[in-house]
1. Only one of these is outside any strand (DSSP E or B) and under 20 Å from H191 (Cβ atoms): I149, I141. Name it.
2. Please specify each residue of segment 102-120 satisfying the condition of being farther than 23 Å from L226 by Cβ and either open to solvent by 60 Å² or more (accessible area, probe 1.4 Å) or modelled with pLDDT of 95 or more (or both).
3. Can you tell me how many residues in segment 75-101 are open to solvent by less than 50 Å² (accessible area, probe 1.4 Å), closer than 23 Å to L131 by Cβ and free of Cβ contacts under 8 Å to residues at least 40 places away in the same chain?
4. Name every residue in segment 99-113 that is under 13 Å from V70 (Cα atoms) and part of a helix (DSSP H, G or I), in order of residue number.
5. What residue, among those in segment 44-61 that are of a type in the set (A, V, I, L, M, F, W, C) and buried (at least 16 other Cβ atoms within 10 Å of the Cβ), is modelled with the lowest pLDDT?
6. Return the total of residues in segment 121-159 being closer than 21 Å to Y201 by Cβ, small (G, A, S) and surrounded by 15 or more Cβ atoms within 10 Å (Cβ to Cβ).
7. Residues I167, I184: which one is buried (at least 21 other Cβ atoms within 10 Å of the Cβ), at negative phi and part of a helix (DSSP H, G or I)?
8. Which residue pairs have Cβ atoms under 6 Å apart, sit 6 or more places apart or on different chains, and have a first residue in segment 185-206 that is of a type in the set (D, E) and a second that is outside any helix (DSSP H, G or I) and surrounded by 16 or more Cβ atoms within 10 Å (Cβ to Cβ)?
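The values are calculated or read from the model by the stated rules, or taken from the named source; none is laboratory data. On a predicted model such as this, the values are computed, not experimentally measured, just so you know. Please note: Cβ atoms are built from the backbone with ideal geometry, for glycine as well, and neighbour counts cover all protein chains shown. To get the accessible areas, we keep the full protein, side chains included, count just its heavy atoms, and leave off ligands, DNA and RNA. Shrake-Rupley method; radii C 1.70, N 1.55, O 1.52, S 1.80 Å.
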Amino acid sequence: MNFDFPFEIIRTDRVKSASIDVEDNLVKVTIPKNLSDERIEILIKGRALWIKQKLALQASAIVTKPKEYVDGEAFAYLGRNYRLKCTEGIVESVKLKNGYLNVTTKKSKRNSEHLKASIEQWYRTKALGRLIEKTKRYSTILKVEPTTINLKDYKAMWGSCSPKGVISYNWRIVLAPHKIVDYIVVHELCHLIEPNHSPRYWRQVRSVVPDYENSKEWLKINGSSLLV
């Protein structure tokens with residue numbers, strides 16, 4: 001078997017059907033113990049495009065480190081990076097301008113703790129506006145109407161939809177590219193139609209975001225990098 005990506009075959013009598021997983025840039029093919037090499041090759045060839053897409057996503061994973069809040073540091077907004085530029089001034093503000101995230105603070109407050117708080121508040125304000133806008137647009141497409149849209153400081157999820165139609169978003173999602181944000185919005189809105197994650201629910205998501213699996217995978221790989 002000759003493929004242009006590395007793979008490992010795991011034969012076991014504990015499974016009755018074959019499966020393929022891609023983790024840490026390694027393709028693991030788990031198969032029943034007596035499956036022939038010919039069948040294995042057919043299986044891998046049939047999933048080759050999917051495997052390459054997964055490998056490409058993992059190879060492009062964003063490597064991050066804790067923010068230091070110093071000039072020149074990169075901050076993401078809707079998938080684009082902006083360099084931090086700190087200046088002193090009487091009126092405090094945070095603005096995007098000419099590829100920079102310009103933060104103006106009073107001299108007495110120019111420290112990492114105050115800069116972090118100012119930048120986070122800016123993100124929250126931007127996130128609420130963008131998410132309300134996107135939610136209204138996709139609500140029209142899906143013919144649903146949430147009762148309330150708000151932001152949360154979730155640590156382990158990107159959004160939620162209550163039985164009463166209250167949609168809450170993790171404000172950090174606004175650091176991700178537009179298509180990832182769109183997926184999260186559609187994901188939550190579809191719960192107004194199907195409250196679970198049944199096949200019918202995922203068909204509803206796919207009807208609006210045909211490649212939602214890629215966004216789901218992107219978040220799995222890069223979600224921890226959406227830090228401020």
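1. I141
2. Within segment 102-120, T104, K106, K107, S108, K109, R110, N111 meet the criteria.
3. 4
4. Matches in segment 99-113: S112, E113.
5. Once the filter is applied, the top-ranked residue is L57.
6. So the answer is 2.
7. The unique qualifying residue is I184.
8. Listed by first residue and then by second, the contacts come to E188/G159; E188/C161; E188/I167.
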